Every structure is written in C-alpha cells, then in structure tokens.
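Working notes, beginning with the structure itself.
The values are calculated or read from the model by the stated rules, or taken from the named source; none is laboratory data. All values derive from a computational prediction rather than experimental measurement. As a convention, Cβ positions derive from the backbone with ideal geometry for all residues, glycine included, and neighbour counts pool all protein chains shown. To get the accessible areas, we keep the full protein, side chains included, count just its heavy atoms, and leave off ligands, DNA and RNA. Shrake-Rupley method; radii C 1.70, N 1.55, O 1.52, S 1.80 Å.
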Amino acid sequence: MIVVTSGKGGVGKTTTSASFATGLAQRGYRTVVIDFDVGLRNLDLIMGCERRVVYDFINVINNEANLNQALIRDKRVENLYILPASQTRDKEALTKDGVERILNELRQNFEYVVCDSPAGIERGALMALYFADEALVVTNPEVSSVRDSDRILGILASRSRRAEQGDIPVKEHLVLARYAPERAHRGDMLSVDDVLEILGISLLGVIPESPAVLQSSNAGVPVILEEGSDAGTAYGDLVDRFLGKTLPHRFVTVPKKGLLQRLFRGS
Amino acid sequence: MLLRFPHQTDPEPLPFELKGSLFTLTVLHLFQLDPSAIERHLTEKIKQAPSFFNNTPVVIDLEGMAYPPEGVDFNGLYELLRKHGMAPVGIRNGSPELQAAARLAQLPVLPESRVTGVARKSERTDPAPTHSQIISHPVRSGQQIYTPDGDVIILGAVSAGAEVIADGNIHVYGVLRGRALAGVKGDAETRIFCQSLEAELISIAGRYRVSEQISAADRGKPTQIRLVEDRLVIESLNR
C-alpha cells in the first residue's frame, strides 16, 4: 500500500501516481492504482481510460458493483489496473470501513496498491493515507509546496493507522517534481538541498520540469511511457530506486552548454 | 495561540478594559503590631537601602497573628508605612477578626499564598519535580507540542507552521523554524535553546518577538533566548 500525496494541489500527484504504477507494472509487478479524488476525477484521463469507466470506487464501497466490474485493465501495460473515482459523489462517501474492506481485497490480488490522494488534508486525503505502508510525498521546489508537504508528513506520522497502532512508521519518500536546475541555480527556486534540509526525508527522485508531462497527460499516456523524454526517464529511475536499485540522481545540475549553444545564445 | 491581540472591531473606543495580571510585590511579614517597634526597625532598614523605599507597593502578611485584645489601628499602620516610602496595597493571612478590621480600614484582603510556613522552606531547598518531555521526531507544520510543568527537548527540527509550548524551557536540537513559547505559565526564568534560529515567533513568559523583529545577524546560529529585565535577549551560543 503506497500513497502518493502532497498537501498542495497541482504539484504532480496524479502524474506521479500514473507513472509510478505504470513503472511497477512494466517491471512485472501486479499493480493497481486507485483514484481517491472523489468528485474531481482525473487519474482516468491521465491514464487514458476515461471512456471505459462504468463503475467506480464508490460503487464498490456501497456494494453496487464488485471489484472486478470496477477495475479497468490497462491496454498498454500488462499487470496494470485502474480503479477510478466517482465524479458525481463527494468525499464523504469514503467510509473507513469501506475503504479498508476494498484495500484488503486488492492486497490479496495485487503486489502493489497505489493510492492517488486528493489535495488538501480533508477526508479524501486522510482516507488515502490512513492505511498506507509507504508514502511518496510530491513536492515542488517552492516554499508553499514544501510547507504543505511538511504538514502531510506530520499527519502521516500522527494520524495514519501505523501511527495510531504504534507500528513501524510509514516509510516516507520524497519526489521533487517540476524541478528546473537552472532556476534553482539562479536562486529563483529552492534547490534539491534546500528542500531536503527542510523536510529531512530521503529523496526518491527528481522529476524535471518538462513539456513532455503536459503533452502526455493531454494525450492520456503516463509520461513514463514516453521513452526518451526527460521526465519519463526520471520516473523510470524513480521506480527502479523504489525497487531497491542505487542510481545517481539525474536532472539536478545545470547542464553544461555545448560550444554551438554558447555561440548561438551568446552567453 | 496564547498571545492575545487587541480587537479592532469595536465601533466606539472603550474607556477602559479589565485584565488580570501577575505582579511581583514586596511582602512585609508582620510579627507584632507595636507601632514604635515597627518604626524603629523601619528607620534602620531605610538606612541600609534608602532607594528601595520610594513609593514601593507592599503587601502586609499577618500570618499566624490573632486579633489582639487591645485592638488594631490599621489606619495608623497605613500612615506609618506611607510616611516611610511604602504603599500598602492590601493584607493577607491573619485571623478572620484581623481581616475584618483591615477591610474596615479600606485595605483589601488578598488571597492566601498557597505555600505557607514550614512547607515554603522545604520547597526552596527541594524544587518541585518537573516532567520533561523528549520528542525524538521532527515537529512538522501544523503540529503542536505542549509540555506542562516541565521542559521539552526536541531531537530534530521544528518546521514553519509548527508550535512548541512548554511551562519550562525549550531545547531544539535542530533548526527552529516554527513558534516556540517557553514559560507560558509566567516563569520568566525559562529559556529557549536551538541549534539554528529561524523562528516565526519566540516567546518567554508572554514576552514575544515575531520573525520580523529578529535581526538577520541573530539568525541561523546556535542560540539561546532569555528574559533580561523583562526584555527578550537573543544570544549566540558560539562565543
């Protein structure tokens, strides 16, 4: 059970959830990704399966459909399933008992259950993180995003089931998205080191600010499938690191300009 | 929050406002009521420390005293003390008859002090046990830690938007970015220690400073904060 969370909206949670789940499935693990953003359904769009949604998460919680009816199998990657959110309900429909029952059922059939949390710290976000074993905390290199992530880390440490029951704490990973090394270098943005210093958790991956993210989400393709794109490569590394590989972080330093670039930009 | 800010919504300015406050007052422990004996001793005291007796408010403590058969002249006592540079603000302790006589002389009766007699002496040598709390994780934005009756020791950072409150001292073995309020029950001897001061707000016994009032020179360093003559003083620990 892995939650992808952030506190703040628009930082790249759903993009990260989609690519992370796709990456795990590509590497042979049976994976399901659940959209907890009831009322503001987005994951299906980014995964490109919005036209195949019949039943949703809330239908299953209310026993109006069973899991097999609601799960959508991804057409591109084997072992990958999507459980979409309901667009017509609100987050009050997420009951703790209902969520727990479905997560337990999914755990029996899948090696990884990825929960895409909504923004905020209200019911939807709390339900998404409550049962988590690990958390990917998505942050942008700006102060408000970092502060909201700090808040979420506090909630993970105090209000998750593991915290309430005194188990081993939820394992926290930092995903720094929309990172632009040049702007961090100039001081327009917080640097990787600044963010790590404030949040004090281990860095799982740095995703560069990239036009590929916008293009692929509009096309309904998780960016990790865009081979050769910088963001896609970064997500690939991130998944490998999550699975235990040691890889150097890319896209964190300012690339040296080539001779031609220097000539033409006249720096 | 433990700090109050003035309301600005009233349409008319109020003529006054009543608020509770704590004062340190000199207590005059009276052992006998003989005016001439009191005056003799007073003159001697004034010789030792003339500057002290300059309209100094005092509370007259009548602990253990009974109403004497010859009666008490509180008005006379009041005048005597006024003459020697003391301003009696009230009495405390004493028998009910004594207290009634004081009320008649317009002297308010203050509540009894909680520590009295023998108990007071033993407590001075043996301070009340404190209950420290050790927090071995960072304090994140939105979290609040309150340690009643003791110190709080934090092994990690206090994030912006977090709040650490203690009746005693605050020790932060990390960066202090949030708010730290020590001595919230009024203990002015308490201090705040941190490895790096980047706080949003620091407060000791109700005296506070917000981030804006902390100079750049004091920031980012191992620091202690304490009260000196009712003012917050920020000192570097690297000397």
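List of remarks:
- In the stretch A:121-149, comparing the full protein assembly with the chain on its own, the residues that lose 50 Å² or more of accessible surface at a 1.4 Å probe are A:Arg147.
- Estimated FRET transfer efficiency (A:Asp97, B:Glu17; beta-carbon r; R0 41 Å; 0.05): 0.20
- Nonlocal amide H pairs with B:Arg191, under 5 Å, H built at 1.01 Å: B:Asn169, B:Ile170
- Computed as a quarter of the hull surface, the mean projected area of the alpha carbon convex hull for the stretch B:24-117 stands at 6.1 nm².
- Considering every alpha-carbon pair of the stretch B:131-236, the percent of pairs per 10 Å bin, from zero through the bin containing the longest distance, is 18, 56, 25, 1.
- Inter-part distance where the stretch A:13-71 and the stretch B:193-225 are each reduced to a Cα centre, Å: 47
- Estimated translational D of chain B in µm²/s (Stokes, Kirkwood radius over Cα pairs; 20 °C; 1.002 mPa s): 100
- Zero-based 10 Å bins, Cα pair distances in the protein assembly as shown, whole percents: 3, 15, 19, 17, 14, 11, 7, 7, 5, 2, 0, 0
- Pairwise burial A:B, computed as accessible area of each alone minus the pair, summed, 1.4 Å, Å²: 800
- Entries of A:Lys8/A:Lys91; B:Lys19/B:Lys185; B:Lys45/B:Lys83; A:Lys75/A:Lys245 with Cα pairs more than 20 Å apart: A:Lys75/A:Lys245
- Contact-buried residues of the stretch B:156-190, at a threshold of 40 Å² lost accessible area versus the chain by itself: B:Arg177 (1.4 Å probe; DNA, RNA and ligands ignored).
- The stretch B:87-93 - phi-based ³J(HN,Hα) in whole Hz, Karplus 6.51/-1.76/1.60, Gly and Pro as x: 10, x, 9, x, 10, 9, 6
- Taking θ as phi - 60° and the Karplus parameters 6.51, -1.76 and 1.60, the scalar couplings of the stretch B:138-150 work out to x, 9, 8, 3, x, 8, 10, 10, 10, 10, x, 6, x Hz in sequence order, x denoting glycine and proline.
- The GNM of chain A, with springs linking C-alpha atoms under 10 angstrom apart, assigns the highest mean-square fluctuation among A:Ile121, A:Ile207, A:Ile198 to A:Ile198.
- Taking amide H as placed 1.01 Å from N in the peptide plane, the amide H of A:Gln87 sits under 5 Å from that of A:Gly39, each at least 5 places away or on another chain.
- Extension gain, B:Lys45 back to B:His131 (0.36 nm per residue minus Cα-Cα distance, nm): 26.9 nm
- In the context of the full set of protein chains, chain B has a per residue accessible area of 63 Å² (1.4 Å probe).
- Highest GNM mean-square fluctuation among B:Asp151, B:Asp61, B:Asp34, for chain B modelled with Cα contacts below 10 Å: B:Asp34.
- Listed residues B:Leu30, B:Leu227, B:Leu197, most fluctuating in chain B (Gaussian network, C-alpha, under 10 Å): B:Leu30
- Qualifying GluC sites (Glu not before Pro) in the stretch A:26-105, where qualification requires a DSSP coil assignment and no more than 14 other C-beta atoms within 10 Å, comprise A:Glu64, A:Glu78.
- Surface/4 estimate of mean projected area, convex hull on alpha-carbon atoms of chain A, nm²: 14.5
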